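Worksheet: the structure to be examined is printed underneath.
The values are calculated or read from the model by the stated rules, or taken from the named source; none is laboratory data. Since the model is a prediction, treat every value here as computed from it, not as a measurement. Don't worry about glycine lacking a Cβ; one is built from the backbone with ideal geometry, like all the others, and counts go over all protein chains shown. SASA here: full protein model, heavy atoms, side chains in, ligands and nucleic acids out. Shrake-Rupley method; radii C 1.70, N 1.55, O 1.52, S 1.80 Å.
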Amino acid sequence: MLGKGASRIAGLASRKPGRLRAAVTKPLVNVRARSPVTPEAKSIVEPVYLGLTPSLKKGRWDPPAEKSVAILEPTVFKHPIRRDILHLCVVHHLDGLRQGSANTKTRGEVRGSGRKIRRQKGTGKARLGDAQNPMLRGGGIAFGPKPRDFSTKLPRKVVEMGMRVALSAKLREEKLGVMSRLYWPNGKTKFLAQKIDTLGLRKTLFVTGEAKVHEGLKRAIQNIPMVKLISTNEASVFELLKWPRVVLDLKAVEFFEETLKRQNVPILPAPLLEQTSSEAVESQPLS
């Protein structure tokens with residue numbers, strides 16, 4: 001073994017250096033410099049136009065509803081309809097409303113003695129323990145309900161998408177209206193009810209973006225059936241889908257556009273409110 005190893009080393013040493021092959025690098029073929037990638041231009045989305053609904057009480061500086069149009073954010077009011085998202089939001093809302101207070105007593109919680117009812121054998125009847133056995137009348141409940149929390153969790157982005165879909169669905173069904181403001185000078189229910197009937201706004205949910213709701217409107221509208229007034233903080237997907245019609249004021253529109261709009265979407269710049277001729281308004285006011 002040692003002789004073979006020594007002869008092998010001697011053979012490697014006797015080789016001429018010219019016989020060793022040098023590493024050959026092949027030149028790169030058909031390699032060109034890559035041109036810089038330019039990002040594709042995004043398409044500009046047009047805003048949504050909606051004619052104003054006549055106000056409950058027209059103010060001195062309010063624009064005329066028949067000659068004005070509201071320009072809405074398309075990412076909020078023109079979202080693709082997703083029924084699955086609406087279902088998730090409604091189930092999430094209803095789960096949070098459940099009390100979860102149902103309660104039953106087990107055999108260990110029922111009042112009574114723990115004495116054995118009858119002897120184990122010799123009676124010809126079934127064997128029984130104490131009187132709290134679930135098989136007996138007045139005994140405990142086996143596997144009965146206990147107080148629990150039925151609320152579920154839903155990602156915030158899913159809830160925001162549900163609000164976009166709900167608002168877009170109302171607009172597509174022509175059941176969404178926009179008023180310049182929600183105001184009523186006094187708390188008389190009779191005159192406000194007559195005004196609502198004149199405008200055909202029964203079964204309507206009014207949503208205001210004001211930090212503090214006007215006291216006269218709040219007192220007058222709370223006694224009118226089939227009408228409800230809420231703020232933007234109380235609005236939910238369930239409320240928007242529950243009511244046949246929804247009317248927003250301009251501040252509520254600004255709130256929803258600020259909190260729900262999608263970023264990095266190019267939109268034609270336009271003011272929120274614009275006065276134009278009635279022929280140019282494609283969508284009619286809510287009636």
So in the stretch 65-81, with the set limited to residues that are out of contact with any Asp or Glu (no Cβ under 9 Å at 6 or more places or on another chain) and hydrophobic (A, V, I, L, M, F, W, C), which one is surrounded by the fewest Cβ atoms within 10 Å (Cβ to Cβ)?
ILE81
Search the stretch 213-229 for residues that are under 13 Å from ARG202 (Cα atoms) and at pLDDT 90 or above and pair each with any residue that is open to solvent by 100 Å² or more (accessible area, probe 1.4 Å) and not charged (D, E, K, R) when their beta-carbon atoms are under 8 Å apart and the residues are at least 6 apart or on different chains.
LEU229/GLN222
What is the residue count in the stretch 94-123 for residues that are within 30 Å of ASP149 (Cβ to Cβ), in a loop (DSSP other than H, G, I, E, B) and open to solvent by less than 80 Å² (accessible area, probe 1.4 Å)?
7
Residue among ILE141, ILE81 that is under 18 Å from LYS242 (Cα atoms), part of a loop (DSSP other than H, G, I, E, B), in contact (Cβ under 8 Å) with a residue 24 or more places away in the chain and of a type outside the set (Ser, Thr, Tyr)
ILE81
Of the conditions (1) without any contact (Cβ under 8 Å) to a residue 12 or more places away in the chain; (2) under 13 Å from the mean Cα position of the chain (by Cα), the single one that GLU173 does not satisfy is (2)
Please find, among LYS190, LYS175, LYS212, LYS228, the residue that is farther than 27 Å from LYS261 by Cβ and of a type in the set (Lys, Arg).
LYS190
LYS146: touching a residue at least 40 places away in the same chain (Cβ under 8 Å) and out of contact with any Lys or Arg (no Cβ under 8 Å at 6 or more places or on another chain), yes or no?
yes
Matching strands (runs of 3 or more DSSP E) fully within the stretch 158-268 where at least 3 residues are farther than 22 Å from PRO74 by Cα and either aliphatic (A, V, I, L, M) or open to solvent by less than 30 Å² (accessible area, probe 1.4 Å) (or both):
227-231
Taking the stretch 43-59 as the search range and keeping residues that are within 26 Å of VAL265 (Cα to Cα) and part of a loop (DSSP other than H, G, I, E, B), which one is modelled with the highest pLDDT?
LEU52
Unmet criterion (only one of (1) among the hydrophobic types (A, V, I, L, M, F, W, C); (2) at pLDDT below 95; (3) open to solvent by 70 Å² or more (accessible area, probe 1.4 Å)) for ALA126:
(3)
Checklist (1) within 30 Å of THR259 (Cβ to Cβ); (2) in contact with a Lys or Arg (Cβ under 7 Å, 6 or more places away or on another chain); (3) at pLDDT 95 or above applied to GLY140, failing item:
(1)
Answer yes if at least one residue in the stretch 82-93 is touching an Asp or Glu at 6+ places or on another chain (Cβ under 9 Å) and surrounded by 17 or more Cβ atoms within 10 Å (Cβ to Cβ), and no otherwise.
yes
